[in-house]
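See below for the structure under consideration.
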Number of protein chains: 2
Amino acid sequence: MDTQPSIRPAEREDRPAIWAILEPVLRAGETYALDRDLTEDAALDYWLGTDRTSFVALLDGEIRGTYYLKRNQAGGGSHVANCGYAVSEKARGRGLARAMALHSLSEAGQRGFRAMQFNFVVEANAAAVHLWRSLGFAEVGRLPKAFDHPVDGPVDALVFWRDL
Amino acid sequence: MDTQPSIRPAEREDRPAIWAILEPVLRAGETYALDRDLTEDAALDYWLGTDRTSFVALLDGEIRGTYYLKRNQAGGGSHVANCGYAVSEKARGRGLARAMALHSLSEAGQRGFRAMQFNFVVEANAAAVHLWRSLGFAEVGRLPKAFDHPVDGPVDALVFWRDL
């Protein structure tokens with residue numbers, strides 16, 4: 001069994017595997033401010049949009065994670081990257097999120113981005129908050145009760161920033 | 001000469017007048033993180049997108065301002081509004097920005113939004129920063145050197161928030 005994930009650009013043929021990861025994340029609605037009833041096509045068109053580069057992460061030959069990388073703003077804000085990540089429930093606790101995070105920081109730097117920003121990290125998502133802090137991201141914003149969590153109710157969302 | 005602006009929903013026929021306001025704002029690239037070379041159609045499709053409600057503000061019978069109102073996030077973030085505003089150079093200093101701001105806060109409240117967030121207020125845009133503070137917006141985030149200002153160089157962008 002591989003212990004190191006491999007990460008490569010997503011291909012059109014990966015859409016079903018990516019959807020298998022995204023669907024439970026979207027339907028739960030606990031981590032992303034995306035509509036919970038987004039259709040498969042709409043979700044994949046978003047995740048694999050032409051304005052971003054998307055990747056898949058494999059463990060033991062199976063796609064178990066995915067992320068996208070794009071600019072966070074246009075114009076004078078184009079030097080700041082933004083990413084979204086998702087991990088299969090089957091692969092939790094195996095370091096896939098961290099591996100994708102490190103990969104994305106490296107990719108962003110190679111593409112000339114000078115910083116990375118996450119606009120909306122749900123504070124109740126403890127694993128994400130812990131990961132970003134451990135990778136040197138600073139909390140540069142706090143959005144009060146900006147997220148209606150389906151279980152926890154209104155919770156803050158955080159803005160995280162790291163220079164590259 | 002009217003001293004009170006009138007504000008109404010934008011119509012398709014308003015596109016040329018709206019573009020006359022947006023074009024110099026976009027080309028200057030000093031206030032919005034939007035591509036400076038955005039075409040007229042792309043800019044108007046954005047400003048008048050189906051995901052938002054757009055308005056025009058008239059002074060003396062002429063369209064001199066425009067703004068849009070939309071949700072800032074989807075899913076669990078849908079209760080927070082977001083707006084963008086632009087004023088014609090011909091109407092600066094006549095209270096049009098403030099009139100549109102007040103109008104947008106009222107509209108957002110009527111539509112059931114519980115807060116308003118601006119994601120990216122360029123700090124060098126002193127008029128905007130002053131306006132939002134005077135209307136009770138709080139700085140809930142500061143993005144370090146997030147905007148490459150064409151004149152001032154790298155400047156911070158602010159995240160502003162107000163409950164409704």
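The values are calculated or read from the model by the stated rules, or taken from the named source; none is laboratory data. Note that the coordinates shown come from a computational prediction; the quantities given were computed from them, not determined experimentally. Using ideal geometry, Cβ is built from the backbone for each residue, glycine included, and neighbour counts are taken over all protein chains shown. Ligands, DNA and RNA are stripped out before the accessible areas are found, and what is left, the full protein with its side chains, is counted by its heavy atoms. Shrake-Rupley method; radii C 1.70, N 1.55, O 1.52, S 1.80 Å.
Worth a mention:
- Placing a label point 7 Å from Cα along the Cα-to-Cβ axis, B:Asp163 is separated from the same position in the other copies by 3.6 nm, shortest listed first.
- Shortest first, A:Glu11 label-point distances to identical copies amount to 5.3 nm, with the label point at 7 Å from Cα along Cα→Cβ.
- Chain B packed on chain A takes about 2000 Å² of accessible surface away from a 1.4 Å probe, both sides summed.
- Comparing B:Leu38, B:Leu22, B:Leu58 in a Gaussian network model of chain B (Cα springs below 10 Å), the most mobile by mean-square fluctuation is B:Leu38.
- Hull shadow area, averaged, the range B:6-163 [alpha-carbon convex hull, nm²]: 9.1 nm²
- Considering the range B:1-96 at the alpha-carbon level, its Rg and Dmax are found to be 13.7, 46 Å.
- Spin-label model, B:Val151 to A:Ala127: label points 7 Å out along the Cα-to-beta-carbon direction sit 4.9 nm apart.
- Under 12 Å, Cβ to Cβ, from B:Glu40 - net charge with Lys/Arg +1 and Asp/Glu -1: -2
- Surrounding net charge for A:Gly153, when Lys and Arg each add one and Asp and Glu each subtract one, Cβ distance under 14 Å: -3
- Build a GNM of chain B with springs between Cα atoms under 10 Å apart, and of B:Thr50, B:Thr31, B:Thr66 the one that fluctuates most is B:Thr50.
- Each copy carries a label point for A:Arg114 at 7 Å from Cα toward Cβ; from one copy, the others' points are 3.8 nm away, ordered from shortest.
- Residue of A:Ala28, A:Ala101, A:Ala74 that the Gaussian network model of chain A assigns the largest fluctuation, springs spanning Cα pairs under 10 Å: A:Ala74
- Kirkwood estimate for the protein assembly as shown, i.e. one over the average of 1/r between Cα atoms, Å: 21.0 Å
- The sum of -39500 (n - 2.57) across all DSSP H runs of n ≥ 4, divided by the residue count of chain A, sets its helix-only mean residue ellipticity at 222 nm to -8500 deg cm²/dmol.
- Inter-chain Cβ neighbour count for A:143-151, averaged per residue, equals 6 (cutoff 10 Å, partner chain atoms only).
- For the rotational copy relationship between B and A, the axis lies nearest to a chain B beta carbon, identified with its distance in whole angstrom as B:Gly141, 1.
- Using 0.36 nm per residue and subtracting the Cα-Cα separation, the extra length available between A:Asp163 and A:Thr50 on full extension is 38.2 nm.
- Between the beta carbons of B:Arg111 and B:Ala20, assuming R0 = 22 Å, the FRET efficiency works out to 0.20 to the nearest 0.05.
- Cβ-based net charge around B:Gly29, under 13 Å, with every Lys or Arg adding one and every Asp or Glu removing one: -4
- Inter-label distance for A:Asp37 and A:Glu139, nm, one decimal - labels placed 7 Å from Cα along Cα-to-Cβ: 3.4 nm
- In summary, the convex hull built on the alpha carbon positions of the range B:39-83 has an orientation-averaged projected area of 3.8 nm².
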